[in-house]
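Have a look at the structure below, then the notes.
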Amino acid sequence: SPHGDYPGTAFTRSFGDAIAEELGVISKPEMLMRELTPEDKIIVLASDGVFEFLTNQSVIDICAKFTDPLEACRAVVAESYELWLQYELRTDDITMICMFVDGVEKQACMGDGVPVECEEKNDDDLVDGSTRPVRKGVSVEKSRALTKLKSQYKIMDVTADSEEDFDMTSLYNEKTEEQKTSIAEAIRASVVFQNITDAQRELIYKVMEPMEVKAGQWIIEQGTVGDRFYIVCEGTFEVRILAENEKDEAGDGGNLVHSYEGSRKNNSHPSFGELALMYSAPRAASIIAQTDGHLWALHRYAYKEITEEKLGARKDSEKILKKIDFFKSFMDEQLSDLSSYLCETKYGKGDIIIKEGEVGDSIFIVLPGGSCESVCSGEDGTLSKSTLKINDFFGEEILKGGRESKYLSTVTAKSKSTFLTLQKSDVKRAMGSKRSKMA
């Protein structure tokens, strides 16, 4: 460097990292070893460009749709590329290897030369406290960037005046089970549909508009404000982009950067335009039909109306959180922030949700229709039982201790039940480092 004898950007990740280690750069990679079991079906190796907008679970959900790992790779790369185009003016390296695992048999562990039953461990047991946790949602930095983008384009919501007159019921049309399955597979990996309820999913099926398109028809025009999210049921569609300040002299939409191909036969149903569901923003690219085809379209107003139920549930959850001793001193703004971290989790009848004596990482709120039994051991060894129903909560005791805080009861689902869960790590994040009371 002309300014001193020290490393610049260490793209080699070797000498540069080693020299800069004294400044805080960690030169040793994090490594995790895991023995494959019959339950392991898919292995994915991918660059960080793939995971910028897609979560680990989203990638696996996409791969699970295919029987050919090459097609799974193509689908994930295409989805990642589309999200980059929606949220950025560039893309990072998007590279992926997918392996489908077959024929793994459960191995017996060897103890002093004698086969013994292996102790089963989950992934969390294999990760020590220093290892970076697996990301379960869009990164904090990206979330902030999306919020900033939303505020920038808020004034461009030109359809806001007609939202009051929007009649969602006018879009209702019944779908076959095959059509519902296709739509469900298409939206399963999308971030905006991750936490919808079963009832909301059924409504989304009903308001999805069928669209027959002809070859050459423009579905989306770059720069216009979009109002629909699309799923390709059948047909081929080109993605074209004009460079900044470039005019479409040829009238073809600009440079060809990608193609979407939907096929009922191959069970391939890519999607595009999901940014329009969250807010009005100029389209980042043009989409043009290259063949006759069929699309499903979801209007932003319908999506907003359907998810209002979820927003209402979040508001109700703030009131429930306020009842928990640990949160009684929290301000409304903090409770609102906490509620944004709530995730929906489902358990079947007889499932053990938490177990007395185990280290806990989440608290639970029972949603409508849920019912479970809590069993707690007293100091004299007697068992105390109680039934938990709608709006009841449990597991809050882990908030008062350190990292090794344990559950004080065993809770079992008495029927198929749904819960809102809040992770301990998210509580710390919402509180902020200066106000954190937890270890």
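Only residues that are among the basic types (K, R), under 29 Å from the mean Cα position of the chain (by Cα) and assigned to a loop (DSSP other than H, G, I, E, B): list them for segment 232-288, please.
Listed by number, the residues that qualify are R264, K265, R283.
Condition check: over 18 Å from F330 (Cβ atoms) and at pLDDT below 90. Does E356 satisfy that?
no
Need the failing condition index for A284 against (1) at pLDDT 90 or above; (2) within 30 Å of G235 (Cβ to Cβ); (3) of a type outside the set (K, R), just the number.
With (1) at pLDDT 90 or above; (2) within 30 Å of G235 (Cβ to Cβ); (3) of a type outside the set (K, R) applied to A284, the lone miss is (1).
Is at least one residue of segment 314-324 outside any helix (DSSP H, G or I), farther than 23 Å from S417 by Cβ and not aromatic (F, W, Y)?
No; the residues of segment 314-324 include none that is outside any helix (DSSP H, G or I), farther than 23 Å from S417 by Cβ and not aromatic (F, W, Y).
For the condition over 16 Å from L422 (Cα atoms) and at pLDDT 90 or above, what is the one hit in S409, S377?
S409
The rows are residues; the columns are (1) out of contact with any helix residue (DSSP H, G or I) (no Cβ under 9 Å at 6 or more places or on another chain); (2) in contact (Cβ under 8 Å) with a residue 40 or more places away in the chain; (3) open to solvent by less than 30 Å² (accessible area, probe 1.4 Å).
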site	(1), (2), (3)
I352	yes, yes, no
D361	no, yes, no
I365	no, yes, yes
C372	yes, yes, yes
T382	yes, no, no
S386	yes, no, no
K389	yes, no, no
E404	yes, yes, no
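Condition check ((1) modelled with pLDDT of 80 or more; (2) open to solvent by less than 70 Å² (accessible area, probe 1.4 Å); (3) not in a helix (DSSP H, G or I)) across all residues:
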{"position": "E52", "(1), (2), (3)": "yes, yes, yes"}
{"position": "F66", "(1), (2), (3)": "yes, yes, yes"}
{"position": "C73", "(1), (2), (3)": "yes, yes, no"}
{"position": "D92", "(1), (2), (3)": "yes, yes, yes"}
{"position": "I97", "(1), (2), (3)": "yes, no, yes"}
{"position": "V104", "(1), (2), (3)": "yes, yes, yes"}
{"position": "Q107", "(1), (2), (3)": "no, no, yes"}
{"position": "D124", "(1), (2), (3)": "no, no, no"}
{"position": "D128", "(1), (2), (3)": "no, no, yes"}
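Could you check how many residues of segment 30-50 are among the polar types (S, T, N, Q) and either in contact with a Cys (Cβ under 6 Å, 6 or more places away or on another chain) or open to solvent by 70 Å² or more (accessible area, probe 1.4 Å) (or both)?
Number of matching residues: 0.
Could you tell me which of the residues I183, I196 is outside any loop (DSSP other than H, G, I, E, B), open to solvent by less than 20 Å² (accessible area, probe 1.4 Å) and over 30 Å from D252 (Cβ atoms)?
I183
May I ask you to verify whether K424 is among the charged types (D, E, K, R), over 16 Å from Y347 (Cα atoms), touching a residue at least 40 places away in the same chain (Cβ under 8 Å) and surrounded by fewer than 20 Cβ atoms within 10 Å (Cβ to Cβ)?
In short, yes.
Out of curiosity, is I220 surrounded by fewer than 20 Cβ atoms within 10 Å (Cβ to Cβ) and either among the aliphatic types (A, V, I, L, M) or under 17 Å from F272 (Cβ atoms) (or both)?
Spelling it out, it is not the case that I220 is surrounded by fewer than 20 Cβ atoms within 10 Å (Cβ to Cβ) and either among the aliphatic types (A, V, I, L, M) or under 17 Å from F272 (Cβ atoms) (or both).
The values are calculated or read from the model by the stated rules, or taken from the named source; none is laboratory data. No experiment lies behind these values; they were computed from the predicted model shown. When we count neighbours, we look across all protein chains shown, and the Cβ atoms used for this are built from the backbone with ideal geometry, even at glycine. All accessible areas refer to the heavy atoms of the entire protein, side chains included, with ligands and DNA or RNA removed. Shrake-Rupley method; radii C 1.70, N 1.55, O 1.52, S 1.80 Å.
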